[in-house]
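Following: one structure in structure tokens, then a few remarks.
The values are calculated or read from the model by the stated rules, or taken from the named source; none is laboratory data. Note that the structure is a prediction, hence the values are computed from the model and not measured. Here Cβ is always computed from backbone atoms with ideal geometry, including for glycine, and neighbour counts include all displayed protein chains.
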Amino acid sequence: MTTYISIVRGINVSGQKLIKMDALRKSYENLGFHDVTTYVQSGNVIFAGNDIELNNLEQKISRQIEKDFGFEVPVIVLTIDKLKQVIDNNPFLKDPNKDQTFLHVTFLSSKPEHYDHKTIEDKKQNGEEIFFSDNAVYLYCPNGYGRTKLTNNFLEAKLKVGATTRNWKTTNELLKIAKQTI
């Protein structure tokens, strides 16, 4: 069995696509997954399952959510190693002057092929920083994520890949929970 972390995009936001976490856990259990745990109400699920290719898992979970709740949502699935790599590669951690409460990670469903780096950089506001990797975009938003123009929707549109964003605390907590289940 492998422990996976899935990040569901766009549920329980502004009263849209509401899913109670106990119902979401049941959906995962109906797919045959074990040790299903959720973290906060935004669609973070840690679970164990047989080794399956990540893209297949993402599609399988997305189809089950659509079947159970009547709407389609994108899902990104990571292994513990992949999530640890995303955390370890955050370039903003090297700067002790960065307040970690303003760090966010936009997880990407795939590596962006071509994008206009300058157009994205031009959206930065005072004090904001952005760093791109193959599977994540790291954001430092000292004015708060709610005020940035580097939103998940903007990054998805410009990078032309699926994405979902989590704050730094949630990102680290997902790894901690996942490590406890193995």
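Details
- Looking at 116, 122, just one residue is farther than 22 Å from residue 58 by Cα and either at pLDDT 95 or above or among the hydrophobic types (A, V, I, L, M, F, W, C) (or both), and that residue is 122.
- Of all residues in the range 76-102 being part of a loop (DSSP other than H, G, I, E, B) and in contact (Cβ under 8 Å) with a residue 24 or more places away in the chain, the one that is surrounded by the fewest Cβ atoms within 10 Å (Cβ to Cβ): 99
- Answer from 137, 105 - the residue that is free of Cβ contacts under 8 Å to residues at least 40 places away in the same chain and crowded, with 18+ Cβ neighbours inside 10 Å: 137
- Filtering the range 152-182 to residues that are more than 22 Å from residue 45 (Cα to Cα) and touching a Phe, Trp or Tyr at 6+ places or on another chain (Cβ under 8 Å) leaves 158, 159, 160.
- The set of residues in the range 26-59 that are among the small types (Gly, Ala, Ser) and surrounded by 16 or more Cβ atoms within 10 Å (Cβ to Cβ) comprises 27, 42, 43, 48, 49.
- Flag not set for residue 67, criterion: outside the structural domain of residue 22 (by TED's automatic domain parsing) and surrounded by fewer than 14 Cβ atoms within 10 Å (Cβ to Cβ).
- Of the residues screened, residue 89 is not one that is touching a strand residue (DSSP E or B) at 6+ places or on another chain (Cβ under 7 Å) and either at pLDDT below 95 or of a type outside the set (Asp, Glu) (or both).
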